[in-house]
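J.: Before I ask anything, let me first share the structure, which is written out below as structure tokens.
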Amino acid sequence: MSETAHKLSAKNKRQKKRIVYVDENAPKRPRTAYVHFVNARRKELAESGSHEALRQRSFLADIGKQWKVLPDDQKKFYVDKSAKEHAEYEKAMEEYKKTEAYNQFKVKKEGLMKQRMLELKKRKSDVKSDDDEEEDKNEAVVAGDIPIFSKEFLAYNKNQESKCKKLRKMVSALQEEKDLLKADIAKLSERMKLVHGHQSGTSHWSTKIKQRWTKLLVDALAYVSVDGEYPTSQNIDTYMEKLKQLVTENPGSKDLIAVRMALSEVNFT
């Protein structure tokens, strides 16, 4: 194997290794109904002294067959157990997301993901450079004109293998990049929901404040007319515009004096 092929093989092995970011402080993930069943069977066999069965390679395969034929009423016990565990996990996770430890993990994870993205891009660039160099050496070879098992034939096969490795690496890198992008999109989506929720809460709060002030003004000025009009919740905006105009045009108006007296008795706290 040439040095280039060896490098590609080593990189391919590294490429296949998935990166998992584990938050050690997070609540323990819930187990599936099947996992609960496996653990229960393992415990039963251990307590009955059937240690040999536990050591057999076919243990999990046998357990899988047992689970497949297990009646629904017996499966329900493990399904309910898993559902309860899942609900407890969701509740614990909601509380954990409010902690500083979770925020620190998110920041650390985002940094690692960005670093990983840069490494993947650099790796793809390096692989392309190595493969292009190998391809240039063999670009004049045509498969139909090569005697079988000749040096040219072996070189051609080697070149095709190199191309296949390149494609596999690109697919693996693109898949991992896709996963990273999906994680970023999910994170942005979560932030957008928080922003929209905050905006909705702010809008609701503003509406309540406006309603409170409208009620205070309408109650306080209920018997004070401006230009023959008394305030109501429906015409309060028009009423205030007329009042503003009156302040500008006739600051000594009796209506304004009545307004000042009425407002002086209002408790705005």
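Read-outs throughout are calculated quantities, based only on the coordinates presented, and are distinct from any laboratory measurement. Keep in mind it's a predicted model, so treat the numbers as computed, not measured. Don't worry about glycine lacking a Cβ; one is built from the backbone with ideal geometry, like all the others, and counts go over all protein chains shown.
J.: When only alpha-carbon atoms are used, what values of Rg and Dmax, in angstrom, describe segment 221-264?
T.: Computed over the Cα atoms of segment 221-264, radius of gyration and Dmax are 9.6, 27 Å.
J.: Structure shown: which of K122/K182; K109/K169; K98/K182; K187/K208; K76/K97 lie over 26 Å apart, alpha-carbon to alpha-carbon?
T.: Numbers: K122/K182 20 Å; K109/K169 24 Å; K98/K182 23 Å; K187/K208 32 Å; K76/K97 31 Å.
The pairs that break the limit, which is 26 Å between Cα atoms, are K187/K208; K76/K97.
J.: With θ set to phi - 60°, apply the Karplus curve 6.51 cos²θ - 1.76 cosθ + 1.60 along segment 110-124 and write out the HN-Hα couplings as whole Hz, x wherever there is a Gly or Pro.
T.: Taking θ as phi minus 60°, the curve returns 4, x, 5, 5, 5, 4, 5, 4, 5, 5, 5, 5, 5, 5, 4 Hz for segment 110-124.
J.: Along Cα→Cβ, 7 Å out, is where each label goes; now give me the distance between the ones at K182 and K163 in nm to one decimal.
T.: Label-label distance for K182 and K163, simple model: 3.0 nm.
J.: Quick one: order E95, E161 by neighbouring beta-carbon count within 10 Å, fewest to most. Spell out each step's value before the answer.
T.: Values: E95 10, E161 13.
Taking fewest neighbouring Cβ atoms as first place, the list is E95, E161.
J.: Determine the principal axes of the Cα atoms in segment 26-98, then give the extent along each, sorted from largest to smallest and rounded to whole angstroms.
T.: So the extents along the principal axes, rounded to whole Å, are 47, 26, 19.
J.: Can you give me the distance in nm between label points at Q245 and Y96, each placed 7 Å from the Cα along the Cα-to-Cβ direction?
T.: Going by the 7 Å Cα→Cβ label model, 6.4 nm.
J.: Using Cβ contacts closer than 10 Å as the measure, can you line up W205, W67 from fewest to most? It would help to have the intermediate numbers written out before the result.
T.: Values: W205 10, W67 16.
Result, fewest neighbours first: W205, W67.
J.: So how strong a dipole does segment 215-269 carry about its Cα centre when Lys and Arg Cβ are +1 and Asp and Glu Cβ are -1, to the nearest 20 debye? Before the final figure, lay out each step's value.
T.: Values: 5 positive and 8 negative charges, 26 e Å.
Charge dipole, segment 215-269, about its Cα centre: 120 debye, nearest 20.
J.: Now, a different point. Full-extension gain between N235 and L216, please, as 0.36 nm times their residue separation minus the C-alpha to C-alpha distance. Write out the running numbers ahead of the final one.
T.: On the way: separation 19, 0.36 × 19 = 6.84 nm, distance 1.41 nm.
Full extension from N235 to L216 adds 5.4 nm.
J.: Counting only C-alpha contacts under 8 Å and six or more residues apart, can you give the relative contact order of segment 26-98 as a whole percent?
T.: Values: 40 pairs, mean separation 43.3, N = 73.
Computed value for segment 26-98: 59 percent relative contact order.
J.: Taking the number of other C-beta atoms within 10 Å as the exposure measure, put F105, F77, F37 in order starting with the fewest.
T.: On the way: F105 18, F77 14, F37 23.
Exposure proxy ranking, most exposed first: F77, F105, F37.
J.: Residue by residue, what Karplus-based ³J(HN,Hα) values in Hz, rounded to whole numbers, does segment 169-183 have, using 6.51, -1.76 and 1.60 with θ = phi - 60° and x for Gly and Pro?
T.: 5, 5, 4, 5, 5, 5, 5, 5, 5, 4, 5, 5, 5, 4, 5
J.: Just to be sure I understand the model, the point goes 7 Å from the Cα along the line to the Cβ. What's the resulting V35 to K65 distance in nm?
T.: 2.6
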